[in-house]
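First comes the structure, then the notes that go with it.
The values are calculated or read from the model by the stated rules, or taken from the named source; none is laboratory data. Keep in mind that what you see is a predicted model, and the values were worked out from it rather than measured. All Cβ positions, even for glycine, are placed from backbone atoms using ideal geometry, and neighbour counts span all protein chains on display.
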Amino acid sequence: MTPERFDSIKDIPLFAKITDESFEHLTRGAFVQNFPSNVEIITEGDTADFLHIVQSGCVELFSTWSNRETTMTTLYENSTFILAATMKDRVNLMSARTLQKSRIIMIPSENVRSVFQSDPHFAVAIVDELSRCYRATIRNMKNLKLRTSIERLANYLLKQYRRRGNTLAFRLPIEKRRLASYLGMTPENLSRAFTNLKPYGVVVDGQNITIADLDKLIEFAIPDDLID
């Protein structure tokens, strides 16, 4: 494919400052693929042959162990994944599957490592991206370890409220069973948590959420910039 096929990702911070020569080298052998919903793109334990970029759609990163499965995170447009495994030339620690029809750009891992060595702007961008992911992991660990399940759900709803431009009524972006897994809960515990949030102004109708009393919800959730 010609480099022009990948112009849509040039504005992503990871690639914004690299030279045209580096970008051509980076995308040599890269390709774009459309996946239907619920298709596994990569599997944990396999070699990280490509850096993946979500051009459109939605991808879930998840992991399994001893017949158990947990959602790690959900990614949307312009998100990259498996960058650390790509840089270290190691196996994937997570699997990935589409939650809706998605368009994925795949860049050969050896290209990423090569341009990292030759283009200082790209090297800095890689460090920035890995640092951002590390800090996000720490925030998530603090959220899981310091808050109760109900507090985690309350702060998740406040985060969705902010992401939608302070909209008090919105639709959950993922299925409730996946949300429960992401928040470290069972589906039954999630259902009880929603019920326990009713006194704080949370109204639930299927996937639709309405925050009827924002002040009460904030007072209960105690959002924290060092976690959220």
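Please give the number of the condition residue 161 fails out of (1) of a type in the set (Ser, Thr, Tyr); (2) farther than 19 Å from residue 220 by Cβ; (3) crowded, with 16+ Cβ neighbours inside 10 Å. So residue 161 meets the others, but not (2). A single member of 92, 111 is in contact with a His (Cβ under 7 Å, 6 or more places away or on another chain), of a type in the set (S, T, N, Q) and buried (at least 18 other Cβ atoms within 10 Å of the Cβ), and it is 111. Scoring residue 27 on the criteria (1) out of contact with any Phe, Trp or Tyr (no Cβ under 8 Å at 6 or more places or on another chain); (2) under 19 Å from residue 85 (Cα atoms) leaves a single failure, condition (1). Of the residues contained in the stretch 120-138, one or more are found to be surrounded by fewer than 16 Cβ atoms within 10 Å (Cβ to Cβ), under 21 Å from residue 48 (Cβ atoms) and of a type in the set (Lys, Arg). Please determine, by comparing only the residues of the stretch 195-204 that are within 14 Å of residue 168 (Cα to Cα) and not β-branched (Val, Ile, Thr), which one is surrounded by the most Cβ atoms within 10 Å (Cβ to Cβ). Result: 200. Here residue 220 clears all of (1) under 20 Å from the mean Cα position of the chain (by Cα); (2) crowded, with 17+ Cβ neighbours inside 10 Å except the condition numbered (1). Of all residue pairs spaced 6 or more apart or on separate chains, those with beta-carbon atoms under 9 Å, a first member in the stretch 26-40 that is at positive phi and a second member that is surrounded by 13 or more Cβ atoms within 10 Å (Cβ to Cβ) and among the hydrophobic types (A, V, I, L, M, F, W, C) are 29/107; 38/99. Scanning the stretch 189-207 for residues that are over 21 Å from the mean Cα position of the chain (by Cα) and not in a helix (DSSP H, G or I) yields 197, 201, 202, 203, 204, 205, 206. Only strands (runs of 3 or more DSSP E) whose full extent lies in the stretch 17-83 are considered here, and the ones with at least 3 residues that are closer than 22 Å to residue 180 by Cα and modelled with pLDDT under 95 are 68-75. Looking across the stretch 74-83, the residues that are surrounded by 16 or more Cβ atoms within 10 Å (Cβ to Cβ) and at negative phi come down to 74, 75, 79, 80, 81, 83.
Checking each residue in the stretch 58-87 for being closer than 30 Å to residue 117 by Cα, out of contact with any helix residue (DSSP H, G or I) (no Cβ under 9 Å at 6 or more places or on another chain) and touching a residue at least 24 places away in the same chain (Cβ under 8 Å) picks out 59, 61, 79, 81.
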